[in-house]
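Novice: Once you've had a glance at the structure underneath, I'll fire off some questions.
Bear in mind these aren't lab numbers, they're just calculated from the coordinates by the rules spelled out. Not measured: the values here are computed from a predicted model. Here the Cβ is made from the backbone with ideal geometry for all residues, glycine too, and neighbour counts use every protein chain on show.
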Amino acid sequence: MNTGQKREIIKVEDIKRDYVVGEEVVHALRGVSFTIYEGEFVTIMGTSGSGKSTLLNVIGCLDTPTAGEYYLDGISVRKMGKNERATLRNRKIGFIFQSYNLLAKTTAVENVELPLMYNPTISAKERHSRAIKALTDVGLGDRLNHKSNQMSGGQQQRVAIARALVNEPVIILADEATGNLDTRTSFEILTLMQKLHQEEHRTIIFVTHNPELAHFSSRNIVISDGRIKSDTYNDEIKLAREVLETLPKEEA
Amino acid sequence: MNIVNLFKIALRALNGNKFRGFLTMLGIIIGVAAVIAMLAIGQGSKKSIQDQISTMGSNMINVRPGTGQFGGVRQSSSSMQTLKLEDYEAIESQGEYISAATPEVSSSGQVIFGANNAPTTVYGVNPSYLDIRKYTVSEGSMFTEADVKASTKVCVIGQTVVENLFTNGEDPIGQTIRFNKIPMKVIGILTSKGDNTMGMDQDDLVLAPYTTVQKRILAITYIHSIAVSAISEGATEDAIASIEEILRQRHKIGIGQEDDFNVRSQKELISMMSSTTDMMTVLLACIAGISLFVGGIGIMNIMYVSVTERTREIGLRMSIGAKGVDILMQFLIEAILLSVTGGIIGVILGISSAYVVKNVLMWPIDIQPYTIFLSFAVCSATGIFFGWYPAKKASDLDPIEALRYE
């Protein structure tokens, strides 16, 4: 795959992350290097304790590495303070969580508006129209004013995806985004992610412990014991939409 | 971070928990309402006492003979004969800051008209008495200086005397009443003033020229007291000093010697009465203040629980770009909004309950604007003070830990 001309979105160089737990030092990451280019759909896999969560936290600018360099869209993150990283997350990253993390008793639009509330450069009007557009893009154009507790798990995760898209991030970080959903809904969400990747050329990192999902991404990185075990490109991307069609239709 | 957005965020967060928000506010509502209602009642009773005293003439000064010793026996001031008519004349002509003065002689006894009689007091005064004591004549007229000079047997009577004597609805004007066998013609009736602060009926009196009372009723040459009015309430102190100087000179009292007279103003009475109601007001305000404080602790309690309960929400907000200060401000604004909204409702409730007290219990109330501002300021400060710690706790959370919180 020719990636030479493409923009480097994520560039990690020999990243190490140590934790001190009591007297012991835990090496969660022991030197990880890779570069993710614009338009890639990368799955990061690993068992629990492999260090994939730590890696996700570092990539998501929630944590800083003990050693090594990390560039997000060409910006060095390692020496940034808390507030700078908060602003960086706000402008460059869209998070999707396993448990959706929507605000309770809050409408879809208000949930999606949330990241833009922390961006003073965006007016209330623009915020509202962008939230509506993002919700329409994920297929919830008719559920704008539904409250989060009035929606199904799949719908809630769509709202969360819309929230991750609304700030036009350079990277979408999904952490076990289908972990709480049944098979059919999982594939619906996966179909949406593939659509974002293929039609809108979004850069997506999907962290999961489910090896099956590797068939649906363009690249798969496996983490084990704080190191990269394998980093492979997938030339035969399976389409979640096709799998969805083979699944028995459930009563809606 | 945009402050408008922060307000929106806080409002949306509160909107999601209306009932809990209301419960939190309840403490503040009750606290503020209690402060306002209590102060209104306290101030009201103080004001009504002051008003009553000022109907007796707030700039009035009384000069009485002092208690002196007579052959080793200390005498009561009313039996002293040291105050002379010349003293009154000297005060009237030489006294500074004085607008009017009258000598006073009085005698208690039965007043008789036809078959009716009633106990009352006859005051011998001059026409200035009306101005000094804040009386007005409702029917007929006051006697004049000429009546005083001639010791005319005329009188002006109070409403209670009218009611006691003229039971058949006769017109009192022109009738002759008898006091200690002395007949006096009624030439005027005083407007009713009601009871004074001490519960004394201010309408139970007969006014007559002091010369008449001195010569015809009491057969004395001295006077019982002198009533003076200062040119204003503020000039009372200066007027007292001037009167004291004149009297010390006239009575030949040297430096260091005890006065043989007493000069008193209504001010002393006002301050004495006020101190009682002031103490009551302070007491009420303290109780109300404690309830406001408890309301503040309620806010802190709820905000603290709220931070723990919303840990994941805080983690999410941080992960999508909220800085520590944004979280701090959000929770602080939530606390302030709760306490200020509670304060507004409390002000309305406090004022309404004060009016309920006024209309149902018929207690006097007085709502001072400063009490509203004060309780409002206190509850805003309460919001900041009690909201700060939970807000700080929220802003110090680590986003990774917070997102993982179950």
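Novice: Treating only the Cβ atoms of Lys and Arg (+1) and Asp and Glu (-1) as charged, compute the dipole magnitude of the protein assembly as shown about its Cα centre; round to the nearest 20 debye.
Specialist: For this selection, approximately 760 debye.
Novice: Using modelled amide H (1.01 Å from N, peptide plane; none on Pro or chain starts), what sits under 5 Å from the amide H of A:F95, excluding residues fewer than 5 places away?
Specialist: Excluding prolines and chain starts, which carry no amide H, the hits are A:L173.
Novice: Assuming R0 = 56 Å, can you tell me the calculated FRET efficiency for the pair B:T82 and B:F7, based on Cβ-Cβ distance, to the nearest 0.05?
Specialist: 0.15
Novice: Can you give the relative contact order of chain B as a percent, counting alpha carbon pairs under 8 Å and 6+ residues apart?
Specialist: Normalised by residue count, the contact order of chain B is 30 percent.
Novice: Across the protein assembly as shown, how large is the tail of the calculated P(r) beyond 38 Å, expressed as a percent of all Cα pairs?
Specialist: Value for the protein assembly as shown (Cα pairs over 38 Å): 59 percent.
Novice: Mind listing the phi-derived Karplus ³J(HN,Hα) values for the stretch A:52-68, rounded to whole Hz, using 6.51, -1.76 and 1.60 with θ = phi - 60°, and x for any glycine or proline?
Specialist: 5, 5, 4, 4, 4, 4, 5, 4, x, 6, 8, 9, 10, x, 5, 9, x
Novice: Around A:K11, under 10 Å between beta carbons, what's the net of Lys plus Arg minus Asp minus Glu among the other residues?
Specialist: Net of charged neighbours comes to -4.
Novice: Right, something else. Please express the shape of the stretch B:264-406 as an equivalent ellipsoid: the semi-axes are the square roots of 5 times the eigenvalues of the C-alpha gyration tensor, given largest first in whole angstrom.
Specialist: Ellipsoid semi-axes (Å, largest first): 45, 14, 12.
Novice: Name the most mobile residue of B:V305, B:V154, B:V32, meaning the one with the largest mean-square fluctuation, in a Gaussian network model of chain B with Cα contacts below 10 Å.
Specialist: With Cα springs under 10 Å in chain B, the top fluctuation among B:V305, B:V154, B:V32 is at B:V305.
Novice: Mind checking which of A:V21, A:V77, A:V166 has the largest fluctuation in a GNM of chain A, springs on alpha carbons under 10 Å?
Specialist: In the Gaussian network model the winner is A:V21.
Novice: Neighbour counts of other C-beta atoms within 10 Å: give me B:T152, A:T183 arranged from fewest to most.
Specialist: Ascending Cβ contact count within 10 Å gives the list A:T183, B:T152.
Novice: Let me ask another. Along the Cα→Cβ direction, 7 angstrom out, place labels at A:T47 and B:Q175. What is the inter-label distance in nm?
Specialist: For the pair A:T47/B:Q175, the computed spacing is 11.8 nm.
Novice: Here's a follow-up. To check you understand DSSP bridge types, tell me what percent of the beta bridges within the stretch B:83-259 (both residues inside) are antiparallel, rounded to 5.
Specialist: In the stretch B:83-259, approximately 75 percent of DSSP beta bridges are antiparallel ones.
Novice: Considering only A:I228, A:S53, A:P211, whose Cα is most displaced toward the positive end of the charge dipole of the stretch A:8-246, charges sitting on Cβ of Lys, Arg (+1) and Asp, Glu (-1)?
Specialist: A:S53
Novice: For labels at B:R404 and B:L26 in the simple 7 Å Cα→Cβ model, what's the distance in nm?
Specialist: Between B:R404 and B:L26, the simple spin-label model gives 3.9 nm.
Novice: Continuing with this model, one more query. If amide H atoms are built 1.01 Å from N in the plane of the peptide, which residues on other chains or at least 5 residues away come under 5 Å of the amide H of A:T203?
Specialist: A:G39, A:I172
Novice: Considering every residue in A:34-40, what mean count of other chain Cβ atoms within 10 Å of its Cβ is obtained?
Specialist: For peptide A:34-40, the averaged partner shielding equals 0.
Novice: Per-residue Cβ counts within 10 Å, from other chains only, averaged over B:305-318: what number is that?
Specialist: The shielding value for this peptide is 3.
Novice: If one takes the longest principal axis of the Cα atoms in chain B, at what angle in degrees, from 0 to 90 and to the nearest 10, does the Cα axis of helix B:85-94 lie?
Specialist: It is inclined by approximately 50 degrees.
Novice: So how tilted is helix B:369-395 from the main axis of chain B? Cα-based, degrees 0 to 90, rounded to 10.
Specialist: Taking Cα atoms only, the helix is inclined about 20 degrees.
Novice: Using the structure shown, select from A:K125/B:K392; A:K133/B:K393; A:K16/A:K92; A:K82/A:K133; B:K153/B:K267 the pairs with a Cα to Cα distance greater than 25 angstrom.
Specialist: Over 25 Å Cα-Cα: A:K125/B:K392; A:K133/B:K393; A:K82/A:K133; B:K153/B:K267.
Novice: Just want to confirm a number: the relative contact order over chain A, from Cα pairs under 8 angstrom separated by 6+ residues, in percent.
Specialist: Computed value for chain A: 26 percent relative contact order.
Novice: Ordered by residue, what ³J(HN,Hα) values in Hz, to whole numbers, does the stretch A:115-123 give under the Karplus form 6.51 cos²θ - 1.76 cosθ + 1.60, where θ = phi - 60° and Gly and Pro are x?
Specialist: Computed from phi, the couplings for the stretch A:115-123 are x, 6, 5, 8, 10, x, 7, 9, 6 Hz.
Novice: On to the next question. May I ask you to list the lysines whose Cα is less than 21 Å away from that of B:K84, ignoring any residue fewer than eight positions away on the same chain?
Specialist: B:K149, B:K215, B:K252
Novice: How high is the FRET efficiency from B:I384 to A:S129, r the C-beta distance, R0 56 Å, rounded to 0.05?
Specialist: That gives a FRET efficiency of 0.95.
Novice: For chain B, what ratio Rg/Rh do Cα atoms give with a Kirkwood hydrodynamic radius?
Specialist: 1.27
Novice: Another question, if that's okay. For the cross-link pairs B:K8/B:K323; A:K52/A:K238; A:K147/B:K18, which exceed 19 Å when the distance is taken from alpha carbon to alpha carbon?
Specialist: The pairs that break the limit, which is 19 Å between Cα atoms, are A:K52/A:K238.
Novice: Take every DSSP beta bridge whose two residues both sit in the protein assembly as shown, then give the antiparallel share in percent to the nearest 5.
Specialist: 70 percent
Novice: May I pose another question? With θ set to phi - 60°, apply the Karplus curve 6.51 cos²θ - 1.76 cosθ + 1.60 along the stretch A:217-228 and write out the HN-Hα couplings as whole Hz, x wherever there is a Gly or Pro.
Specialist: Using θ = phi - 60°, the values come out as 9, 8, 7, 10, 10, 10, 9, 8, 6, x, 10, 7 Hz.
Novice: Excluding A:Q98 itself, calculate the net charge of residues whose Cβ lies under 9 Å from the Cβ of A:Q98, where each Lys or Arg counts +1 and each Asp or Glu counts -1.
Specialist: Neighbourhood net charge equals -2.
Novice: Something else now. Return B:C286, B:C155 ranked ascending by Cβ neighbour count within 10 Å, so the fewest neighbours appear first.
Specialist: Going from sparsest to densest Cβ surroundings: B:C286, B:C155.
Novice: So, one more: Please give the average number of partner chain Cβ atoms lying within 10 Å of the Cβ of each residue in A:104-110, rounded to a whole number.
Specialist: 3
Novice: A further question on this structure: Once amide H atoms are built 1.01 Å from N in the peptide plane, which residues 5 or more positions from A:N234, or in another chain, come under 5 Å H to H?
Specialist: HN-HN under 5 Å from A:N234: A:R219, A:N220.
Novice: List B:D131, B:D203, B:D366 from most exposed to least, where exposure is judged by having the fewest other Cβ atoms within 10 Å.
Specialist: So the ranking, lowest neighbour count to highest, is B:D131, B:D366, B:D203.
Novice: Rounded to the nearest 0.05, what FRET efficiency is calculated for B:K149 and B:D195 with R0 set to 25 Å and r the Cβ-Cβ distance?
Specialist: 0.15
Novice: Mind pulling the angle between the C-alpha long axis of helix B:324-356 and the longest principal axis of chain B? Nearest 10 degrees, somewhere in 0 to 90.
Specialist: 30 degrees
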